[in-house]
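The values are calculated or read from the model by the stated rules, or taken from the named source; none is laboratory data. What you see is a predicted model; the values in this text were computed from it and never measured. Note that each Cβ is placed from the backbone with ideal geometry, even for glycine, and that neighbours are counted across all protein chains shown. These area figures cover heavy atoms from the full protein model, side chains too; ligands, DNA and RNA do not enter into them. Shrake-Rupley method; radii C 1.70, N 1.55, O 1.52, S 1.80 Å.
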Amino acid sequence: MDRHLSKQSMKPAILDNDRVRGACPHDCPDTCALLTTVRQGRALQVQGNPEHAQTAGVLCTKVSRYAERTYHPQRVLQPLKRIGPKGKGQFVPVSWDAALDDIAARLQTLAARDPQAILPYSYAGTMGLVQGESIAARFFNRLGASQLDRTICASAGGEGLTQTLGAKVGMKVEHFAQSRLIIIWGSNSVGSNLHFWRLAQQAKRDGAKLVCIDPRRSETADKCHAHLQLLPGTDAALALSLMHQLIVHDWLDHDYIAKYTVGWPELRARALQWPPERAAQICGLSVNQIFELAHDYGTLAPAAIRLNYGMQRVRGGGNATRAVACLPALVGAWRHPGGGLLMSSSGQFPVQHAALQRPDLRRGPSRVINMSTIGDDLLRPASAEFGPRIDALIVYNSNPVAVAPESGKVVQGFGREDLLTVVLEHFMTDTADHADYVLPATTQLEHWDIHASYGHTDVLLNRPAIAPVGQARSNTEIFRQLARRLGFDEPCFADDDLKLCRTAFGPPLDFETLLHQGFASLPVPDAPFAQGGFPTPSGKCEFFSQRLADQGLEGLPDHLPNAESLGSSTRYRLAMISPPARNFLNSTFVNVTSLRDLESEPLLEIHPQDARERGIGDGTTVRVHNDRGSYHCKAQVSERARPGVVIGLGIWWRKMGLRGTNVNELTSQRLTDLGRAPTFYDCLVEVEADNA
Ligand SMILES: Nc1nc2c(c(=O)[nH]1)N[C@H]1C(S)=C(S)[C@@H](COP(=O)(O)OP(=O)(O)OC[C@H]3O[C@@H](n4cnc5c(=O)[nH]c(N)nc54)[C@H](O)[C@@H]3O)O[C@H]1N2
Ligand SMILES: Nc1nc2c(c(=O)[nH]1)N[C@H]1C(S)=C(S)[C@@H](COP(=O)(O)OP(=O)(O)OC[C@H]3O[C@@H](n4cnc5c(=O)[nH]c(N)nc54)[C@H](O)[C@@H]3O)O[C@H]1N2
Ligand code: SF4
Ligand SMILES: [Mo]
């Protein structure tokens with residue numbers, strides 16, 4: 001055992017005899033409250049806490065299997081050092097001291113030359129504020145490492161929302177139960193936002209109309225009254241055309257627009273250029289579908305939009321989010337608790353990022369690397385413009401080899417023999433296979449953490465339920481020990497996890513309530529924008545964004561066609577989207593047998609007509625390809641796909657896919673209009689039977 005291991009990380013805190021209160025760590029809007037049943041130091045079962053209103057005692061299928069994942073026979077339980085070539089997964093166990101001493105020495109050598117050659121790579125494998133960016137951020141700040149621009153998920157939509165409403169703010173999720181019209185826009189709630197779906201169903205039982213806007217006939221679309229199965233990347237055209245109809249039929253709230261919005265004359269002029277005939281053609285919808293939706297939106301109140309990330313993973317994703325975010329102000333939907341829009345609630349939390357991450361430890365400016373272009377950036381040589389080559393990568397809470405776009409290049413970059421790669425993980429993921437060192441990390445059952453949410457407005461505390469399994473250590477503990485070895489003696493590196501939990505939130509959050517109850521609600525008004533009060537510079541909903549105009553960008557939302565729009569290539573005649581599979585969480589859980597059995601194998605959904613033209617039958621092994629690469633999987637001939645669009649459900653581990661490929665072989669590193677985000681769903685492909 002390491003001489004520095006802190007006692008606190010070893011000591012489980014048991015409540016309620018044997019039921020420990022926790023929080024689901026996953027990247028999911030629901031942030032459920034967990035109850036873990038522990039007997040004799042072993043977690044028997046993980047359940048939803050019935051006392052927490054959002055969770056209501058129910059977990060999704062995935063996290064109901066959290067104990068299975070925690071005690072998985074293939075979990076990494078000791079530090080491993082690579083002995084074979086990169087990517088082959090050949091490792092031997094080493095002691096913690098040997099691993100950390102060597103890693104620290106190598107980082108020190110690199111840092112002496114230029115610390116910017118070192119890059120952290122992390123995302124939301126855990127959403128916890130403590131096991132995410134606390135000690136880790138302090139460590140990289142103090143080291144002067146390159147900074148990571150964390151764009152891989154939500155930054156296009158986040159920027160679009162911020163430029164319109166002022167921040168990631170919106171309706172309180174519980175009020176969707178009172179809505180009369182719910183538009184589920186770019187989200188498969190049944191699979192990815194189960195606890196919102198529960199509220200939508202309650203509204204449906206009370207007579208609400210549910211409309212789904214999605215290129216795929218998803219499990220959610222199946223259960224809505226109407227489904228607008230538009231072409232990928234055409235949402236802004238649809239939103240502008242809805243505005244056109246609201247204007248010409250005068251379904252507007254003139255008073256709300258006059259008092260609480262900016263840029264109406266300009267937006268009105270733009271919207272009038274979008275008669276339904278024009279949008280219908282671009283979106284692949286009928287004129288009547290657009291009219292009907294506008295009619296519902298203009299006449300049913302309260303009307304609510306559950307906007308999500310499906311629409312923002314294309315070239316114009318930021319503008320599309322902006323266009324949709326303008327709609328509630330036009331009909332005055334914000335006046336009602338059950339009206340308005342929710343994309344992300346994360347901007348409502350008083351997170352003390354600076355106290356957690358300590359950017360003041362950084363002694364000078366350093367470059368920023370976009371996580372979504374890691375493929376290209378790992379292959380870039382040193383230059384005046386780029387700075388030093390990336391020589392070391394420390395990965396935690398993420399599996400970039402599987403999830404980052406254009407994986408051919410990502411694999412090539414991670415394959416560099418001269419790159420020092422350290423991966424903190426639970427499992428031998430595709431990324432861990434490319435590591436020099438794999439360090440065993442604790443799971444949520446084994447460490448303290450504290451959580452904000454992006455789908456509700458409660459804070460949750462996670463207590464450890466069991467001692468670390470095997471030799472696992474928390475991310476915080478690993479970075480504390482690296483800091484010590486590098487001689488970082490600032491007192492903040494000695495903060496223990498409970499202290500970090502206390503640091504994470506400012507007033508009005510009461511930590512004692514959290515300790516006692518496990519969760520605490522933020523005080524959020526029921527209809528926060530009933531009388532304007534948006535957190536924009538003007539305090540109004542900004543149809544026209546002066547801030548964007550000042551950056552030389554278009555101030556009004558617009559429709560930007562996909563970079564790879566359907567019909568723009570004669571070789572690649574299908575648009576591919578790759579939304580998550582219901583029983584995985586991004587690439588997490590792919591190795592949990594019971595869940596993988598539910599998803600069976602990597603699939604491409606293809607419409608019968610497109611399949612027939614290509615001689616593809618249900619179950620045919622296919623090669624999906626474009627200039628970036630080839631993905632091998634099974635075809636599922638299905639009307640979930642519309643003609644012209646195929647769906648490669650994600651995100652399989654490459655090594656569990658046919659010929660070691662997954663869907664990101666095909667996706668591009670091109671970035672969105674706003675927010676520097678990836679364009680996973682802006683991707684043309686061709687499909688053929690794989691006879692090789
Ligand atoms: N079960 C499960 N839950 C998850 C995840 C998971 O992997 N599995 N991932 C989590 C993460 S990281 C995130 S960011 C959230 C994402 O949450 P959401 O953004 O709600 O993601 P999805 O539920 O996949 O819904 C995206 C939907 O958008 C559709 N779509 C694709 N392109 C377009 C388009 O151009 N326009 C429109 N209107 N729709 C489009 C897709 O077909 C898909 O049904 O979910 C989280 N929850
Ligand atoms: N084609 C395509 N690609 C996509 C998407 C898509 O829709 N289509 N979605 C994108 C989106 S929205 C996202 S958010 C990204 C997600 O990409 P990632 O953030 O990389 O998410 P995961 O694949 O779930 O990988 C998280 C890893 O963190 C590990 N982990 C969990 N908890 C801990 C911990 O406490 N400590 C340590 N050290 N490790 C931990 C897990 O074991 C897991 O391997 O993928 C993106 N990629
Ligand atoms: S993944 Fe989402 S729905 Fe499942 S338990 Fe976690 S927070 Fe709840
Ligand atoms: Mo995400």
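So, with a 1.4 angstrom probe, what is the percent of accessible area on the stretch 603-692 that is carbon and sulfur?
Details: 1400 of 3100 Å².
It is 45 percent, rounded to a whole number.
Starting from the residue with the highest accessible area, list ASP222, ASP627, ASP376 in decreasing order, probe 1.4 Å. Each step should come with its number before you reach the end.
Details: ASP222 70, ASP627 120, ASP376 50 Å².
Correct descending sequence by accessible area is ASP627, ASP222, ASP376.
Averaged per residue, what accessible area in Å² does the stretch 293-348 show with a 1.4 Å probe, protein chains only?
Values: 960 Å² over 56 residues.
Per-residue value: 17 Å².
With θ set to phi - 60°, apply the Karplus curve 6.51 cos²θ - 1.76 cosθ + 1.60 along the stretch 239-248 and write out the HN-Hα couplings as whole Hz, x wherever there is a Gly or Pro.
Karplus values, whole Hz, x for Gly and Pro: 4, 5, 6, 4, 4, 3, 5, 4, 6, 5.
List every residue whose amide H lies under 5 Å from the amide H of ILE184, counting only residues 5 or more places away in sequence or on a different chain, with H placed 1.01 Å from N in the peptide plane.
Under 5 Å from the amide H of ILE184 lie the amide H atoms of VAL211, CYS212, ILE213, ARG306, each far enough along the sequence or on another chain.
Classify the stretch 556-622 from the C-alpha gyration tensor, please: rounded if a/c falls under 1.5, else prolate or oblate depending on whether a/b exceeds b/c.
On the way: a/c = 3.45, a/b = 1.34, b/c = 2.57.
Note, shape of the stretch 556-622 comes out oblate.
Take ASP489 and GLU51, extend 7 Å from each Cα along the Cα→Cβ direction, and tell me the distance between the two endpoints in nm.
With each label placed 7 Å out from Cα toward Cβ, I get 4.5 nm.
As a check on your grasp of the helix formula, calculate [θ] at 222 nm for the chain: sum -39500 (n - 2.57) over DSSP H runs of n ≥ 4, divide by the residue count, round to the nearest 500. Intermediate values should be presented prior to the final figure.
Numbers: 24 runs with 196 residues, N = 692.
Taken over the chain, the calculation gives -7500 deg cm²/dmol.
Starting from the Cα of ARG113, move 7 Å in the Cα-to-Cβ direction to define the label point; list residues of the stretch 437-452 whose amide nitrogen is under 19 Å from there.
Label zone hits: 437.
Over the stretch 541-637, calculate the relative contact order: mean separation of alpha carbon pairs under 8 Å at least 6 apart, over the residue count, as a percent.
Working: 86 pairs, mean separation 16.5, N = 97.
Once normalised by length, the contact order is 17 percent.
What's the FRET efficiency of THR299 with ARG39 using the Cβ-Cβ distance as r and R₀ = 60 Å, to the nearest 0.05?
Values: r = 57 Å, r/R0 = 0.95.
Step by step, r from the Cβ atoms, then E = 0.60.
Rounded, prolate or oblate: pick one for the stretch 247-322, where a ≥ b ≥ c are the square roots of the eigenvalues of its C-alpha gyration tensor, a/c under 1.5 means rounded, and failing that, prolate if a/b is larger than b/c, else oblate.
Working: a/c = 1.39, a/b = 1.20, b/c = 1.15.
In terms of gyration-tensor shape, rounded.
Can you list residues from other chains, or at least 5 along the same chain, whose modelled amide H is less than 5 Å from the amide H of ALA23?
Placed amide hydrogens put LEU34, ARG463 under 5 Å from ALA23.
Would you mind calculating the relative contact order of the chain from Cα pairs under 8 angstrom and at least 6 residues apart, reporting the percent as a whole number? All intermediate terms of the calculation are to be shown ahead of the outcome.
Numbers: 1662 pairs, mean separation 145.6, N = 692.
It comes to 21 percent, rounded to a whole number.
Return the percentage of antiparallel bridges among DSSP beta bridges fully within the stretch 592-692, rounded to the nearest 5 %. Working shown, then result.
Details: 14 of 18 bridges.
DSSP beta bridges in the stretch 592-692 are roughly 80 percent antiparallel.
Let me have the relative contact order for the stretch 574-689, percent, based on Cα pairs under 8 Å that are six or more residues apart.
On the way: 251 pairs, mean separation 41.0, N = 116.
So the answer I get is 35 percent.
Separation of the stretch 438-481 and the stretch 569-631 by C-alpha centroid, Å?
Between the Cα centres of the stretch 438-481 and the stretch 569-631 lies a distance of 33 Å.
Multiply the residue separation of SER594 and LYS259 by 0.36 nm, subtract the distance between their alpha-carbon atoms, and state the gained length in nm to one decimal. Let's see the in-between values first.
Numbers: separation 335, 0.36 × 335 = 120.60 nm, distance 5.45 nm.
Between SER594 and LYS259, full extension yields an extra 115.1 nm.
Express the carbon and sulfur contribution to the solvent-accessible surface of the stretch 108-220 as a percent, rounded to the nearest whole number, probe 1.4 angstrom.
Numbers: 1360 of 2970 Å².
Percent of accessible area from carbon and sulfur atoms in the stretch 108-220: 46.
Assuming R0 = 41 Å, what is the FRET efficiency of ARG659 and HIS353, from their Cβ-Cβ distance, to the nearest 0.05? Present the calculation step by step, with values, prior to reporting the outcome.
Working: r = 42 Å, r/R0 = 1.03.
In this case the efficiency is close to 0.45.
Just for the chain, what percent of DSSP beta bridges are antiparallel, to the closest 5? Mind showing how you got there, number by number?
Details: 41 of 85 bridges.
Bridges in the chain that DSSP calls antiparallel: roughly 50 percent.
What lysines could a cross-link reach from LYS204, if we take a straight Cα to Cα line under 20 Å and drop same-chain neighbours fewer than 8 places away?
The qualifying lysines are LYS172, LYS223.
Scan around ASN370 for amide H atoms under 5 Å from its own, H built in the peptide plane at 1.01 Å from N, and keep only partners 5 or more places away or cross-chain.
HN-HN under 5 Å from ASN370: ASP149.
In the chain, which Cys residues have no partner Cys with a Cβ closer than 4.7 Å?
Those would be CYS28, CYS60, CYS153, CYS283, CYS326, CYS492, CYS501, CYS541, CYS633, CYS683, since no other cysteine Cβ in the chain comes under 4.7 Å of theirs.
For a quick check of understanding: with a 1.4 angstrom probe and all protein chains in place, what accessible area in square angstrom does SER565 have, to the nearest ten?
Per-residue accessible area (SER565): approximately 40 Å².
Checking the a/c ratio against 1.5 first, then a/b against b/c, what shape does the Cα gyration tensor give for the stretch 574-689? List each step's numbers first, then the result.
Values: a/c = 1.57, a/b = 1.03, b/c = 1.53.
It is oblate, given that a/c is not under 1.5 and a/b is not larger than b/c.
Taking 0.36 nm per residue of separation and subtracting the Cα-Cα distance, what length does fully extending SER95 through ARG380 add? Display every interim value, and only then the final one.
Numbers: separation 285, 0.36 × 285 = 102.60 nm, distance 3.37 nm.
Result: 99.2 nm gained on full extension.
Take SER568, project a point 7 Å from its Cα along the Cβ direction, then tell me which residues of the stretch 652-692 have their backbone nitrogen under 20 Å from it.
From the stretch 652-692, the list is 664-687.
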